[in-house]
Amino acid sequence: MNKPQKFFVAQVGKTHGLHGDLKLHIHTDFPEQFQIGNSFDSSSGRLEISRINLDRGIVAFKGYDGVDYAKKLTNTKIYASLEETKERCQLNEGEHFWFELEGCDIIENGELLGKVTDIQRLANVDYLFIQTDRALVEIEFAKSFLVPNISRYVVSVDIQSKTITVIDAKEILEAS
């Protein structure tokens, strides 16, 4: 049986004030999932938000009222499940979660270039980390390469068939 997939979405910082408020360091593109009443798994057990101010980066959790109780949560890592992420985070047309892109084949002009194994953000651009197809590695191409996930290179994404159609990505591979 597969273990449920969890995504690191935030880390709790130090206390703020005397009422149990804590700094919240968000590590997701979807801060809207942090709302009063929402619960998250964490390294300190299940936590439910009782107060939140995203503009100030301040959060309080049910059952941790007062600075002494809140201090116990300092450095706690907060996680969201795959189901919670899909339910709470709204994507715009043409947007995809990173976990949906991982495992997709990269296709250019009908040729399989490789498979997405990871995604990394560098200077506000998401890069697809591609494990080059074995047939191309055998003819001396690099074992891996990065393709910017921007419309200049990514033509279409089909999550159902797990394929990403690209243009000019082979040039990047050849230069790698």
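The values are calculated or read from the model by the stated rules, or taken from the named source; none is laboratory data. The model shown is predicted, which means the values in this text are computed figures rather than measured ones. FYI the Cβ positions are ideal-geometry reconstructions off the backbone, even for glycines, and counts take in every protein chain you see. What goes into the accessible areas is simple: the full protein's heavy atoms, side chains included, and nothing from ligands, DNA or RNA. Shrake-Rupley method; radii C 1.70, N 1.55, O 1.52, S 1.80 Å.
I'd like to verify a number: residues in region 129-156 that are in contact with a helix residue (DSSP H, G or I) (Cβ under 7 Å, 6 or more places away or on another chain) and either β-branched (Val, Ile, Thr) or under 16 Å from residue 97 (Cα atoms) (or both), how many?
Total satisfying the criteria: 2.
Got a number for residues in region 32-45 being within 19 Å of residue 91 (Cα to Cα) and either open to solvent by 60 Å² or more (accessible area, probe 1.4 Å) or within 12 Å of the chain's Cα centre (by Cα) (or both)?
2
Of all residues in region 107-156, which are closer than 13 Å to residue 169 by Cβ, surrounded by 12 or more Cβ atoms within 10 Å (Cβ to Cβ), of a type in the set (D, E, K, R) and free of Cβ contacts under 8 Å to residues at least 40 places away in the same chain?
115, 133
Residue by residue through region 1-29, note down the ones that are of a type in the set (S, T, N, Q), at pLDDT below 90 and more than 15 Å from the chain's Cα centre (by Cα).
Listed by number, the list holds a single entry, 2.
Output yes when any residue across region 78-91 is at positive phi, surrounded by fewer than 17 Cβ atoms within 10 Å (Cβ to Cβ) and touching a residue at least 40 places away in the same chain (Cβ under 8 Å), and no when none is.
Within region 78-91 (the criterion being at positive phi, surrounded by fewer than 17 Cβ atoms within 10 Å (Cβ to Cβ) and touching a residue at least 40 places away in the same chain (Cβ under 8 Å)), the answer is no, since none of the residues qualifies.
Which strands (runs of 3 or more DSSP E) does region 26-131 wholly contain that include 1 or more residues that are among the aliphatic types (A, V, I, L, M)?
Once the strands (runs of 3 or more DSSP E) in region 26-131 are filtered for at least 1 residues that are among the aliphatic types (A, V, I, L, M), what remains is 47-53, 58-61, 77-81, 105-108, 111-122.
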